[in-house]
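Asker: Sharing a structure with you now.
The values are calculated or read from the model by the stated rules, or taken from the named source; none is laboratory data. Given the structure is predicted, the values throughout are model-derived calculations rather than measurements. Here the Cβ is made from the backbone with ideal geometry for all residues, glycine too, and neighbour counts use every protein chain on show. Surface areas here come from the heavy atoms of the whole protein model, side chains and all, with no ligands, DNA or RNA. Shrake-Rupley method; radii C 1.70, N 1.55, O 1.52, S 1.80 Å.
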Amino acid sequence: MTTSTALLLADLAGVAVFAASGASAAVAKRLDLFGVVFVGFVAALGGGIVRDLVIGKVPPLAFADWRYATTAAVTAGAIFWLHPQLARLRTTVLVLDAAGLGLFTVTGTLKALDAQVPAVGACLIGMLTAIGGGLVRDLLTGEIPVVLRREIYAVAALVGSIVVAVLYGLGQTGPIPLTAAAMLIFGVRLVALRRRWSAPVATLRPPRTGTPGSPPE
Amino acid sequence: MTTSTALLLADLAGVAVFAASGASAAVAKRLDLFGVVFVGFVAALGGGIVRDLVIGKVPPLAFADWRYATTAAVTAGAIFWLHPQLARLRTTVLVLDAAGLGLFTVTGTLKALDAQVPAVGACLIGMLTAIGGGLVRDLLTGEIPVVLRREIYAVAALVGSIVVAVLYGLGQTGPIPLTAAAMLIFGVRLVALRRRWSAPVATLRPPRTGTPGSPPE
Amino acid sequence: MTTSTALLLADLAGVAVFAASGASAAVAKRLDLFGVVFVGFVAALGGGIVRDLVIGKVPPLAFADWRYATTAAVTAGAIFWLHPQLARLRTTVLVLDAAGLGLFTVTGTLKALDAQVPAVGACLIGMLTAIGGGLVRDLLTGEIPVVLRREIYAVAALVGSIVVAVLYGLGQTGPIPLTAAAMLIFGVRLVALRRRWSAPVATLRPPRTGTPGSPPE
């Protein structure tokens, strides 16, 4: 198996994982079959589409290579029919999602650097590739994006993208250092989940008393 | 009247119809005049803007040809003042919207194929052209996009885009087969409306009892 | 100080002001530190990113020049820690926001005209540059975009962009007429705030009585 085949397979695995997360959210919101597949598609491919637009690669890979859309659609469709069983697999989904986060951060940052984007911009693009799909998933299902609210998620992606940019600057872009970077993001995310790490939240003065008894948010 | 004039007129008719749907939604949300025009503009032109970005056609037609923006703005402004009368025209609007769906699907898919996007991607782009504006309209007015929830809408567009891609592969891109494809989408959508066809919704176990009496969604 | 240095400094001042407005909204929604910085980043740079995509300038300036992202992130981080003091500076923030509105409208319209976009499209792009960040800020924090609902905001930007397009047509693109255009937008916005000017809202028939006592929206 060549490196590029390995990368493609890993990429498609990431697509499948994110499609599953989007489809699960859509099922919970009682969207119909099309809605479930669509939200799965957007969650899996949205981040990469924005990345490709921003680095000037048109049409984006999600439209140029049928394997991406097909993987996302088949996975989301499977979730539509299988979701009761999946409810018991919540931990598995979170672990796979963390793996997808690591992978998309690494490939997104690399693609941006290869397109001559300066390092700071490439790190931002890498992070957006990884978190963009989840963001749009939450917007489509009427939620404030969870990535903006809880736990170390985007921060893990940002740290990982900085590591990738440093490796790129040092010329260390072989499979071993890049895999290590993806594993780092994966590990930070898992530890954050396990220990319920979160970024700090600003202190607010007591809320106005118009809605007594309501939760703080 | 030449073919390209006919296409332009049909395209502008689609823009007007979608602008009317966006403006009506904005009026219902009590947005101000600017908000009504803006949501009408986005509903009419948003799908095409995304299509043009994705196929690398910049600036998008909505900005490059003043007739598009003007048609959208004038229509939305008219809705702002005329909407009470239009409330009685709900059926008319739905029929026109179905016509717009057919038209935008056909032109969107064709433009993507002409830009060398592979067939699967071109079908997705054609569908997004047709449903994209309504999606953003619903996001801007604080709704879960209706296209994701009810009735055969996007599915009609997707089926139509596949028909267009097949016709394109067979070299049948004259006005007659393409008009037939648009009519097919139009017809499927109308029948779906009339018979209240919907894509299936996944079965959920009973909701948790934290909020007794609340609706299932 | 050369003209381009002056423009860059003014541009970065606009970025800082919009980052502050986004970060304040995120703090009010109890987002965490990352969420606050992210919403600040999007509010400050989102409009310009869309502008650059639409005129075919990739990668967008927000990714190509590290000073933009850094300014946005540092400002938003500062708001995270300083926001209680800023609550008393509401008037100051509104004034600075009006200044940012003027500036981004002028630079956005100019960049679109320089990229050969026709005048009507360039005016729309200029307005979107100025209001786009605030739009996405409100979507991310779960609000119907305020720019669509209240006060003369986008209208001031649109009027200003038309002035810029006329000046451009007359060849008057020196610093004095452009500064005057930015001041015009700034002034209209401030007067609108002071006098509570709003665009008109369409009259609706009485709402259906399903939810008695609920507010009209």
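Asker: With the structure loaded, tell me whether B:Leu45 is within 14 Å of another protein chain (Cβ to nearest Cβ) and in contact (Cβ under 8 Å) with a residue 12 or more places away in the chain or whether it fails that test.
Answerer: yes
Asker: In addition: Name, by its number, the condition in (1) more than 12 Å from every other protein chain (Cβ to nearest Cβ); (2) more than 12 Å from the chain's Cα centre (by Cα); (3) modelled with pLDDT of 80 or more that does not hold for C:Pro212.
Answerer: Going through the list (1) more than 12 Å from every other protein chain (Cβ to nearest Cβ); (2) more than 12 Å from the chain's Cα centre (by Cα); (3) modelled with pLDDT of 80 or more, C:Pro212 breaks only (3).
Asker: Now, a different point. Here is a list: B:Ala181, B:Ala157. Which entry is buried (at least 21 other Cβ atoms within 10 Å of the Cβ), more than 12 Å from every other protein chain (Cβ to nearest Cβ) and farther than 21 Å from B:Ala25 by Cα?
Answerer: B:Ala181
Asker: So if I check each of C:Gly102, C:Gly121, C:Gly174, C:Gly133, which one is within 9 Å of chain B (Cβ to nearest Cβ), out of contact with any Ser or Thr (no Cβ under 8 Å at 6 or more places or on another chain) and not aromatic (Phe, Trp, Tyr)?
Answerer: None of the others qualify; the one that does is C:Gly121.
Asker: Scan the range B:96-112 and report the pairs whose first residue is over 12 Å from B:Ser161 (Cβ atoms) and whose second residue is polar (S, T, N, Q) and in a helix (DSSP H, G or I), with Cβ atoms within less than 9 Å and a gap of 6+ or a chain change.
Answerer: B:Leu96/B:Ser21; B:Asp97/B:Ser21; B:Gly100/B:Ser21
Asker: May I ask you to list pairs of residues, at least six apart or on different chains, whose Cβ atoms are under 9 Å apart, with the first in the range B:150-176 being farther than 15 Å from B:Gly187 by Cβ and the second being open to solvent by 60 Å² or more (accessible area, probe 1.4 Å) and small (Gly, Ala, Ser)?
Answerer: From residues that are farther than 15 Å from B:Gly187 by Cβ, the pairs are B:Arg150/B:Ser198.
Asker: I've got another one for you. Sort out for me the helices (runs of 4 or more DSSP H) sitting completely within the range C:49-140 that have 2 or more residues that are of a type in the set (Ser, Thr, Tyr) and either open to solvent by 20 Å² or more (accessible area, probe 1.4 Å) or on the phi > 0 side of the Ramachandran plot (or both).
Answerer: C:66-87, C:90-114
Asker: Please go through the range A:27-43 and pick out each residue that is hydrophobic (A, V, I, L, M, F, W, C) and under 17 Å from B:Ile152 (Cβ atoms).
Answerer: A:Leu31, A:Leu33, A:Phe34, A:Val36, A:Val37, A:Phe38
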